[in-house]
């Protein structure tokens with residue numbers, strides 16, 4: 001043991017000893033490589049754990065898409081935002097479901113005069129059944145009985 005080792009706890013890097021410098025670089029490179037490989041394995045494992053947790057949460061909260069029959073009246077969600085549309089209705093409709101497309105998508109046609117495209121395709125996620133209120137139905141029946149249009 002040299003006095004330098006006792007004082008600093010490491011071997012002295014002397015200019016005349018090039019072999020020591022090369023050995024230290026090799027040791028540092030192998031140590032760095034080993035630590036990097038361990039960190040990569042830990043990162044891969046933690047990413048896989050988080051992905052499994054996210055999938056479990058997504059599957060737990062997910063629900064099957066609602067199926068609509070031909071002729072059902074639906075409302076479709078407004079997907080295009082524009083300035084000044086904060087107070088506009090969130091859903092457009094009524095629309096009549098005409099055709100089933102793949103991946104829970106439907107082809108729908110506009111019923112009546114209202115805002116929105118004449119024909120469009122929409123995902124079941126952005127659709128909901130068009131509700132008919134009892135008062136609307138009774139008023140239309142009363143109007144037809146009395147002959148009022």
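The values are calculated or read from the model by the stated rules, or taken from the named source; none is laboratory data. All figures in this text were calculated on a predicted structure; none of them were measured in a lab. Quick reminder, even Gly has a Cβ in these numbers, built from the backbone with ideal geometry, and neighbours come from all protein chains shown.
Descriptive notes on the structure:
- Residues in segment 99-125 that are at pLDDT below 90 and closer than 14 Å to residue 73 by Cβ: 112, 114, 116.
- Test: residue in segment 44-67 that is outside the structural domain of residue 125 (by the TED database), more than 28 Å from the chain's Cα centre (by Cα) and in a helix (DSSP H, G or I): no
- Matching residues, segment 76-93, being surrounded by 14 or more Cβ atoms within 10 Å (Cβ to Cβ) and either more than 12 Å from residue 115 (Cβ to Cβ) or in contact (Cβ under 8 Å) with a residue 60 or more places away in the chain (or both): 77
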